[in-house]
Amino acid sequence: MNAGLRAGLIGLGSMGRHHARVLTALEGVTLAGVVDPLGDKNGWAQGAPVLTDVEDLLAMGIDYAVVACPTGLHEEVGLRLAEAGVCVLVEKPLADSVEGALRLVDAFESRNLTAGVGHIERCNPALRSLRSRLETGELGDVYQVVTRRQGPYPHRIADVGVIKDLATHDIDLTAWMTGRSYVSIAAHTVSKSGRPYEDMVSAVGRLSDGTMVNHLVNWLSPLKERFTSVTGERGCLVADTLTADLTFYSNASVATEWEALRAFRGVSEGDMIRYAIPKREPLLVEHELFRDAVQGISSDICTLRQGLRTVEVAASLLDSARSGRTVVFEAEEAVRHGA
Ligand SMILES: NC(=O)c1ccc[n+]([C@@H]2O[C@H](COP(=O)([O-])OP(=O)(O)OC[C@H]3O[C@@H](n4cnc5c(N)ncnc54)[C@H](O)[C@@H]3O)[C@@H](O)[C@H]2O)c1
């Protein structure tokens with residue numbers, strides 16, 4: 001392996017601190033510098049030089065940068081890095097608007113620079129295993145994907161609502177896991193915490209193969225949950241991405257003879273299996289994949305174009321909540337939403 005990639009980190013907050021930790025230990029990479037206008041008040045920089053301006057980081061010479069500043073700044077910072085010829089891994093969501101996300105896609109694609117979005121759920125062991133099982137057809141025909149992402153309010157997120165901040169995880173993982181695009185979406189939102197943005201959303205949609213999708217996402221629950229289920233012909237796969245557990249509830253192959261139970265529980269309840277899967281840290285997997293991509297080794301990263309599609313679907317949730325209508329994607333757009 002080429003042992004000399006120099007990486008920079010932009011933004012040393014709640015997420016940036018983890019990027020700093022993982023980059024410092026990442027094989028074949030040196031954390032060359034960290035940029036944050038507030039400096040390193042918490043001692044999270046892992047000994048790397050701390051700078052207050054992106055220009056100072058560029059002057060040090062870097063191969064790629066991780067962008068972990070607030071979402072509203074991703075576009076401005078990303079465009080500057082593209083101009084400087086630096087590859088980037090941008091935190092999710094790619095940008096806070098469809099137009100901004102499009103400008104980033106154009107900036108990196110036109111320069112042929114490697115760029116990815118940190119949709120970290122793709123690196124969760126439970127979802128990686130779930131996706132492989134769908135690919136090999138373990139569930140048979142897929143009927144429905146349900147996600148629930150609930151928890152208390154994160155006081156640091158001030159520039160976007162829960163759709164852009166959290167539901168983008170669910171939109172990306174659903175398209176990535178099923179390999180299907182969204183063809184329609186409808187949503188209701190509420191805003192209860194006195195902020196200008198929504199803090200709770202309930203969405204229902206459909207994917208290009210007819211699979212039904214439901215997302216429940218909020219910042220208003222004391223119950224923290226990260227739940228994904230896929231129901232299909234042969235049963236139901238449930239991933240908990242907090243614990244990285246994957247469980248299969250199979251349809252029964254043996255019919256019950258107990259009449260009362262049959263009436264109460266239905267006839268199709270079968271075995272339940274919790275899979276033993278290796279649990280590697282998702283952020284480390286994300287960084288390994290991106291490092292390999294920068295080195296030209298084929299790797300499965302979330303591309304900026306896929307990140308743009310997620311931002312487009314998120315914008316449609318907001319449109320639907322405002323208008324009270326279902327957003328149906330144009331035929332061409334539906335194709336573009338395909339992961
Ligand atoms: N992948 C995930 O699971 C995940 C989790 C949390 C946050 N995020 C994403 O990471 C990004 C940051 O979120 P956070 O929770 O760390 O926020 P945060 O507010 O904790 O940290 C943001 C940091 O960026 C710094 N900053 C502000 N302006 C800057 C600039 N111009 N240049 C460099 N740094 C600047 C701030 O001083 C702060 O330290 C967001 O886009 C968020 O969506 C992703």
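The values are calculated or read from the model by the stated rules, or taken from the named source; none is laboratory data. Fair warning: this is a prediction, and the values are worked out from it, not measured in the lab. Using ideal geometry, Cβ is built from the backbone for each residue, glycine included, and neighbour counts are taken over all protein chains shown.
Checked across the stretch 299-312, the condition of being modelled with pLDDT of 95 or more, surrounded by 12 or more Cβ atoms within 10 Å (Cβ to Cβ) and touching a Cys at 6+ places or on another chain (Cβ under 9 Å) holds for at least one residue. Can you confirm whether L207 is within 16 Å of the ligand (Cβ to nearest atom), within 21 Å of A239 (Cα to Cα) and assigned by TED's automatic domain parsing to the domain that holds S250? Spelling it out, it is not the case that L207 is within 16 Å of the ligand (Cβ to nearest atom), within 21 Å of A239 (Cα to Cα) and assigned by TED's automatic domain parsing to the domain that holds S250. Of all residue pairs spaced 6 or more apart or on separate chains, those with beta-carbon atoms under 9 Å, a first member in the stretch 281-298 that is over 19 Å from R21 (Cβ atoms) and a second member that is in a helix (DSSP H, G or I) are I297/R291; S298/D292. Answer yes if at least one residue in the stretch 40-52 is in contact (Cβ under 8 Å) with a residue 24 or more places away in the chain, in contact with a His (Cβ under 6 Å, 6 or more places away or on another chain), buried (at least 20 other Cβ atoms within 10 Å of the Cβ) and not β-branched (V, I, T), and no otherwise. The answer is no; no qualifying residue exists. Checked against (1) touching a residue at least 40 places away in the same chain (Cβ under 8 Å); (2) surrounded by 15 or more Cβ atoms within 10 Å (Cβ to Cβ); (3) away from the ligand (no atom under 16 Å from the Cβ), M200 passes all but a single condition, namely (1). Condition (residue is away from the ligand (no atom under 16 Å from the Cβ), in the same structural domain as R325 (by TED's automatic domain parsing), part of a strand (DSSP E or B) and touching a residue at least 24 places away in the same chain (Cβ under 8 Å)) applied to the stretch 166-175: is it met by at least one residue? No. Taking the stretch 122-153 as the range and being of a type in the set (A, V, I, L, M) and part of a helix (DSSP H, G or I) as the test, the residues that pass are A126, L127, L130, L134.
Counting the residues of the stretch 1-35 that are crowded, with 20+ Cβ neighbours inside 10 Å, within 8 Å of the ligand (Cβ to nearest atom) and small (G, A, S) gives 2.
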